[in-house]
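Every number in this text was worked out from the coordinates using simple rules, so none of it is lab data. Remember, it's a predicted structure, so these values are computed and weren't measured experimentally. All Cβ positions, even for glycine, are placed from backbone atoms using ideal geometry, and neighbour counts span all protein chains on display.
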Amino acid sequence: MIRHLLRDDDLTPAEQREVLDLADVMKADRYGHRPLEGPRPVAVVFDKSSTRTRISFEVGIAQLGGTALIVDAKASQLGRGETIADTARVLSRYVDAIVWRTGDQSRIEEMASAATVPVVNALTDQFHPCQVLADLQTVRERFGRLAGLTMTYLGDGANNMAHSLLLGGATAGMTVRVCAPEGFAPDAEVLRDAKHRAGDTGGSVELVADPAAAAEGAQVLVTDTWVSMGQEDDGLDRMAPFRPLQVNDALLARADASAIVLHCLPAHRGDEITDEVIDGPRSAVWDEAENRLHAQKALLTWLLDRR
Ligand code: CP
Ligand code: NVA
């Protein structure tokens, strides 16, 4: 059966562990695993800008022995209105997997339903599951475990990172706290699904309005831009209500003494995170960025193993 990764809870808790274990194996020997030898081709398609996702997939696919076809959707017929389903059917005849960064989640669902190869979400408006696999790998390498740890996300609770941290963290058995300004709460269905998943894993999901209370005792603080791609002109005030959520030294002091700080990047220094924190001893953001490479190599290997 073809498996896709469209959102974080597409992996069961056991499957998530398998992918994270494999990510550690990939990291320990970056040139030693070549399951895409052939070279097997993978299409990596972008409707939105990217630095990390694009380069980590291109490098990772090459290290696995495969060939990455990086496609700017605007320069393809997809950008001129060819249907998603027809694109999926055609790409499936050429490549072994399709990785896509796009807008609404319904678009990648449509791609997956017409594709006959695995489809991977490289960020949609609603989810960023590849990022959260890397985040979980980073947390696990620092703490040796995931279950039972508290991970607090401060920022836009309705964006892709908040939703993926909720689903991915709950799958890992973590306590996931979300601290968002009024009007920026997570999607109710995602919250329900995360709570349901947490019920299976011993994790939990909490919405905490006060940033200091949300940070209190947490092992992981996570933040993200207050203005995601596509939200630049949405008419909402994405500055003033968010300022109290800034991850700075005072907020970090509320967290556990061993706490680490994550940010998927790109960062807006001085807004959601200060220079002192992102450049400080508690920052794990550069390991986190590196782990995109290892986690995605593991994910592609795992998905292609299941075909
Ligand atoms: N974190 C992340 O996905 O970065 P890019 O937008 O640069 O790919
Ligand atoms: N929430 C951000 C993540 C960027 C990697 C965005 O969608 O722009």
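Remarks
- Neighbour-count ranking [beta-carbon atoms within 10 angstrom, fewest first] of Arg101, Arg254, Arg192: Arg192, Arg254, Arg101
- Anisotropy class assigned to the range 3-80 is oblate, per the alpha carbon gyration tensor with a/c at or over the 1.5 cut-off and a/b no larger than b/c.
- Rg then Dmax, both in Å and based on the Cα atoms of the range 106-170: 13.7, 40.
- Exposure proxy shown here: for Tyr153, Tyr31, the number of other Cβ atoms within 10 Å sets the order, fewest to most, as Tyr31, Tyr153.
- Computed lengthening from Phe143 to Tyr94, 0.36 nm per intervening residue step minus Cα-Cα distance: 13.5 nm
- Three-way shape call for the range 39-97 based on the alpha-carbon gyration tensor, with the a/c threshold at 1.5: oblate
- Relative to the current alpha-carbon distance between Ala14 and Ser113, full extension at 0.36 nm per residue lengthens the span by 33.2 nm.
- Unit charges at the beta carbon, dipole of the chain: most positive-side option, Ala97, Gly79, Ser204: Ala97
- Amide H contacts under 5 Å for Val44, placed H, 5+ residues apart: Leu69, Ile70, Val71, Val99
- The angle between the Cα long axis of helix 84-94 and the longest principal axis of the Cα atoms of the chain comes to about 60 degrees, rounded to the nearest 10.
- Tensor-based shape of the range 78-136 (alpha-carbon gyration tensor, a/c under 1.5 rounded, otherwise prolate or oblate): oblate
- Comparing mean-square fluctuations of Glu189, Glu288, Glu141 from a GNM of the chain with C-alpha springs under 10 Å, the top value falls on Glu189.
- Label-point separation in nm, Lys48 to Ala209, each point 7 Å along Cα→Cβ: 2.9
- Computed over the chain, relative contact order equals 21 percent, with contacts defined as Cα pairs under 8 Å that lie 6+ residues apart.
- Given charges at beta-carbon only (K, R positive; D, E negative), |dipole| of the range 130-288 in Debye: 620
- Charge dipole of the chain (Cα centre as origin; +1 on each Lys and Arg Cβ, -1 on each Asp and Glu Cβ, all else neutral): 980 debye, rounded to the nearest 20.
- Nearest-ten-degree value, helix 160-171 long axis tilted from longest Cα axis of the chain: 90
- Taking the longest Cα principal axis of the chain as reference, the axis of helix 285-305 is set at about 40 degrees.
- Contour excess over end-to-end distance, with Cα ends at Asp287 and Val59 and 0.36 nm allotted per residue: 80.4 nm
- From its DSSP helices (H runs of at least four residues, each -39,500 (n - 2.57)), the chain gives a residue-normalised ellipticity at 222 nm of -12500 deg cm²/dmol.
- Least to most buried among Ile98, Ile55, Ile278 (fewest other Cβ within 10 Å first): Ile55, Ile278, Ile98
- The range 130-288 has equivalent-ellipsoid semi-axes of 21, 19, 14 Å, by the square roots of 5 times the alpha carbon gyration tensor eigenvalues, sorted largest first.
- Residue of Gly270, Gly217, Gly81 that the Gaussian network model of the chain assigns the largest fluctuation, springs spanning Cα pairs under 10 Å: Gly81
- Between Pro13, Pro129, Pro281, the GNM of the chain built on Cα springs shorter than 10 angstrom shows Pro281 fluctuating the most.
- Where labels lie 7 Å past Cα in the beta-carbon direction, separation of Val25 and Met239 in nm: 5.0
- At the listed q of 0.07, 0.10 Å⁻¹, the Debye profile of the chain, built from one uniform point per Cα, gives log10 I(q)/I(0) equal to -0.25, -0.52.
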